[in-house]
Amino acid sequence: LGARGGHLSIGSSPQTAATVLARLLRRFLDDHPAVDVQVIEDGARPLITMLSEGKLDLAVVPLDVPHSLSVAPFLTARILALAPAGHRVVAEGTVDLRELVAPHGAPRIPLLLLKESYLTRLRLAAAWHEAGLLPHVAMESAVGQTLAAYAEAGLGVAILPETVDLRGFS
């Protein structure tokens, strides 16, 4: 960027801020120590709004968020399903979203999802809606590690972007 000073306001989800942005900011600030950087954590939709209103200089958000802003792709992230070892839903390695919604009359699968302000959640909801499925949401959180802890405790299946810091989880 060639910045020598000034202020840079960046928006990011908490997950991406911890696992991706922290390393990038360290390198940036090593090269540009006079730049004052502020990071704002939130979901993709509020970040896009703040960016559009001029409250942020840039935001790290998924590419498919509808907006009229300039976009520069730099990361691809998968979606993970987390459950205790041996859980039937994650036993095969790849999960079909339809398998996370129990058929009528079968025991419901408790899902642990990010709050609706996160695009991962909106994508899942759209896919289930399009398939005519109604998932059982047992817990919502803005913190991926909380959802992972609940999954590890056997309280449901957590669906998270791989940008969530899962160190310490099995």
Could you go through region 161-169 and let me know if any residue there is in a strand (DSSP E or B), closer than 20 Å to Ser12 by Cβ and touching a Gly at 6+ places or on another chain (Cβ under 9 Å). yes
Glu140: among the charged types (D, E, K, R) and assigned to a loop (DSSP other than H, G, I, E, B), yes or no? no
Go through region 142-165 residue by residue and tally those that are buried (at least 17 other Cβ atoms within 10 Å of the Cβ), aliphatic (A, V, I, L, M) and closer than 19 Å to Val60 by Cβ. 2
Report yes if Leu21 is over 28 Å from Leu80 (Cα atoms) and open to solvent by less than 60 Å² (accessible area, probe 1.4 Å), otherwise no. no
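Condition check ((1) closer than 27 Å to Ser141 by Cβ; (2) part of a loop (DSSP other than H, G, I, E, B); (3) open to solvent by 40 Å² or more (accessible area, probe 1.4 Å); (4) free of Cβ contacts under 8 Å to residues at least 12 places away in the same chain) across all residues:
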position: Gly11; (1), (2), (3), (4): yes, no, no, no
position: Thr16; (1), (2), (3), (4): yes, no, no, no
position: Phe28; (1), (2), (3), (4): no, no, no, no
position: Val39; (1), (2), (3), (4): yes, no, yes, no
position: Ile48; (1), (2), (3), (4): yes, no, no, no
position: Pro73; (1), (2), (3), (4): no, yes, yes, yes
position: Thr76; (1), (2), (3), (4): yes, yes, yes, yes
Could you list, in sequence order, all residues of region 39-60 that are of a type in the set (S, T, N, Q) and over 20 Å from the mean Cα position of the chain (by Cα)? Ser52
Among the residues of region 127-136, is there at least one that is closer than 20 Å to Glu41 by Cβ and either surrounded by 18 or more Cβ atoms within 10 Å (Cβ to Cβ) or modelled with pLDDT of 90 or more (or both)? no
With Arg98, Arg123 as the choices, which residue is open to solvent by 40 Å² or more (accessible area, probe 1.4 Å) and over 15 Å from the mean Cα position of the chain (by Cα)? Arg98
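The values are calculated or read from the model by the stated rules, or taken from the named source; none is laboratory data. Values in this document were obtained by computation on a predicted structure and should not be read as measured data. So basically every Cβ, Gly included, is an ideal-geometry build from the backbone, and we count neighbours across all protein chains shown. In case anyone asks, the SASA skips ligands and DNA or RNA and just uses the protein heavy atoms, side chains included. Shrake-Rupley method; radii C 1.70, N 1.55, O 1.52, S 1.80 Å.
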